[in-house]
C-alpha cells in the first residue's frame, strides 16, 4: 500500500508514550503520590485489561475501558469480598463474546442505526435481558455460597452479598441458585436465538439500503 510499517509502529509507540505520560502526570496530581507500584505487573495488567475491554481498534476504546474498569473496581469492592473474581469473569466474557471490546460491539450497530432497523434488535435484546440477568443472579449466588464455605468456613453462616442477606448453609439457597442458572439458561437459549434472527434481518435490511458495517 506504500506505507512503511516501521514508521507507523514508531509513530504509534510515540503517541502511546505521549498519552501514557499525560495519564501518569494526572494520576500523580490526583493521588498526590507516585511510587514503584505504578510500574508493577498488577498495574500493567489492569491497564491491558482496560484496553482490551474497551476495544483496541478505536481511539476511544481504552478510555471507555479505563472508566468501566475503575468503576467496577470501586463498586464491586464495596459489594463483595471477591470482587476480583467477578472482574476476571467479566473479562473472560468480553474475550469470548465480544473480542472487539465494548466499542467494537457498539460500532457493529452503526449500519442498523443508519438504516433505522435498530429498534427491532433492541426489542430482542430487552427480551433476552431477563433470562440473562437470571443466570447472572444464580451464578453470583452460587459463587458467594462457595466462598462462604471455603474462605470463611466455620464462621457465621449468614452472609451478605450485593445488599442481600442469606444463609449460605441452607440447602434451599443451593436449590435456588441451581434453579436460577438452569431455568435462565433454558429461556435464554431461546431468546438469544430470537436476537440472532432479529440481528440478521436488521443487517440484511441495512445492506439492502446500502449501509454496510
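Since every read-out is calculated from the coordinates, none of them should be taken as a lab result. Just so it is clear, the model here is predicted, and its values are computed rather than measured. Here Cβ is always computed from backbone atoms with ideal geometry, including for glycine, and neighbour counts include all displayed protein chains.
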At each listed q (0.18, 0.19, 0.20 Å⁻¹), what is the log10 of I(q)/I(0) that the Debye formula gives for the range 166-213 modelled as equal alpha-carbon point scatterers? -0.66, -0.69, -0.72
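Calculate for the chain the 222 nm mean residue ellipticity that helices alone would give, adding -39,500 (n - 2.57) per DSSP H run of length 4 or more and normalising by residue count, nearest 500 deg cm²/dmol.
Working: 8 runs with 159 residues, N = 213.
-25500 deg cm²/dmol, from helical runs alone.
I'd like to know how the range 31-109 sits against the 2.2 N^0.38 Å rule of thumb: what's its Cα Rg over that expected value? Mind showing how you got there, number by number?
Working: Rg = 13.3 Å, N = 79, 2.2 N^0.38 = 11.6 Å.
Its radius of gyration relative to the 2.2 N^0.38 Å reference: 1.15.
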Relative contact order [Cα under 8 Å, 6+ residues apart], the chain, whole percent: 20 percent
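Among 56, 113, what is the fewest-to-most ranking by other Cβ atoms within 10 Å?
With the fewest neighbours first, 56, 113 line up as 113, 56.
If one computes P(r) from the Cα atoms of the chain, what percent of pairs lie at distances over 23 Å? Don't jump to the answer; show the numbers that get you there.
Values: 14246 of 22578 pairs.
Summing the P(r) of the chain above 23 Å gives 63 percent of all pairs.
Of the listed peptides 137-144, 32-39, 43-50, what is their order by residue-averaged count of other C-beta atoms within 10 Å, with the highest listed first? Kindly include the intermediate steps, with their values, before the conclusion.
Details: 137-144: 18.8, 32-39: 9.8, 43-50: 15.1.
Per-residue mean Cβ counts within 10 Å order the peptides as 137-144, 43-50, 32-39.
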